[in-house]
């Protein structure tokens, strides 16, 4: 991400009033005077500052990206630099000097779990939090709906795959196994949205999620894929969401395409399976429905099933696949070989001083 993109990205979040006000209300409800607070993925430091203003004795703000330097300046300018300690690394590498009373994190993706919130919170619960510590957000609920988006489908999936007389159709299997960030509107729905389930962050013990759902089609149209979004319960009575029925905020939505458009009619039942693994980095979605006629000449037999995964959305170099094998043992890189101890003495290098 370029510096311009980085600043634009954080500005979009800072100017999202519903997002900021929701977290402010939740922080003021959960943080008590004298509390120790952990802020995971602190970004510009706005949530750390709100926690300090709510009475926190100290806030440990974890942020591994360059934006942490701006966060330090913002905390200084707002007079809380003495109560906010920045740890500029990823949280699995962090060791805190004390346990926290409250965990705050805004690592919420456009589909709720796709920024790794399950892994970050799970690790923090095991190592950083007091028993009964408050977690903001306390729960994430996923939502989905079958959608008709012909222009998006044409642009992202069926763009022709020919350029200067060269056939690029080999790209298509990758495009139909990718997750796209799009703005979805209620007019795109082919059926009423349904909850896919809620994950309670104080109880979850896995970084995986899977569910099955059925949708009853309410209007005729072409099914191009699934739309997804989330609702985050920050604390009791305070929720933030990127529900397409709300005014557009800083979050987008996700579009999960199917292999080919299918004609649907009111009363049709669509059975879908949606799952994520590897801490929200790999998604799978599938559709089963009997006798769906194809669109544009791509007809499929009765009982056809689409089955997609972002695991197949990116080409993998054969020379790199061995790293995924169960028996693979990582080796030291050049820096590791230079700095490893030899007969109890660590060699000098740019990592190890005299």
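Just so you know, all these numbers are worked out from the coordinates, no wet-lab data involved. Because the structure is a prediction, the values reported are computed rather than measured. Reconstructed Cβ throughout: ideal geometry from the backbone, glycine too, with neighbour counts over all protein chains shown.
Odds and ends about this structure:
- Peptide packing: for 233-242, 198-207, the average count of neighbouring Cβ atoms within 10 Å per residue gives the ranking 233-242, 198-207, highest mean first.
- Modelled label positions at residue 246 and residue 14, each set 7 Å beyond Cα in the direction of Cβ, lie 2.1 nm from each other.
- The helix-only estimate of mean residue ellipticity at 222 nm for the chain, built from DSSP H runs of length n ≥ 4 each weighted as -39500 (n - 2.57), is -6000 deg cm²/dmol after division by the residue total.
- As computed over the stretch 94-149, the Cα convex hull volume per residue (Å³): 84
- Report note on the peptides 56-63, 180-187, 113-120: ranked by the mean count of other C-beta atoms within 10 Å, highest first, their order is 56-63, 113-120, 180-187.
- The C-alpha atoms of the chain define a longest principal axis, and helix 67-77 lies at about 50 degrees to it.
- C-alpha center-to-center spacing [the stretch 25-48, the stretch 218-236] in angstrom: 30
- Principal axis dimensions, largest first and in whole angstrom, of the stretch 1-151 by Cα: 54, 36, 30
- For the stretch 170-282, the equivalent ellipsoid built from the Cα gyration tensor has semi-axes of 25, 19, 15 Å, listed from largest to smallest.
- The long axis of helix 3-14 is offset from the longest Cα principal axis of the chain by roughly 90 degrees.
- Within the chain, percent of DSSP bridges classed antiparallel, to nearest 5: 75
- The length gained on full extension between residue 331 and residue 312, counted as 0.36 nm times the residue separation minus their Cα-Cα distance, comes to 4.2 nm.
- Once the Cβ-Cβ distance of residue 166 and residue 123 is raised to the sixth power relative to R0 = 51 Å, the FRET efficiency obtained is 0.65.
- Note on the chain: with a GNM built from Cα contacts shorter than 10 Å, the maximum mean-square fluctuation among 137, 193, 146 falls on 193.
- The alpha carbon convex hull volume per residue for the chain rounds to 198 Å³.
- The peptide list 25-31, 254-260, put in order of mean Cβ contacts within 10 Å with the highest first, becomes 254-260, 25-31.
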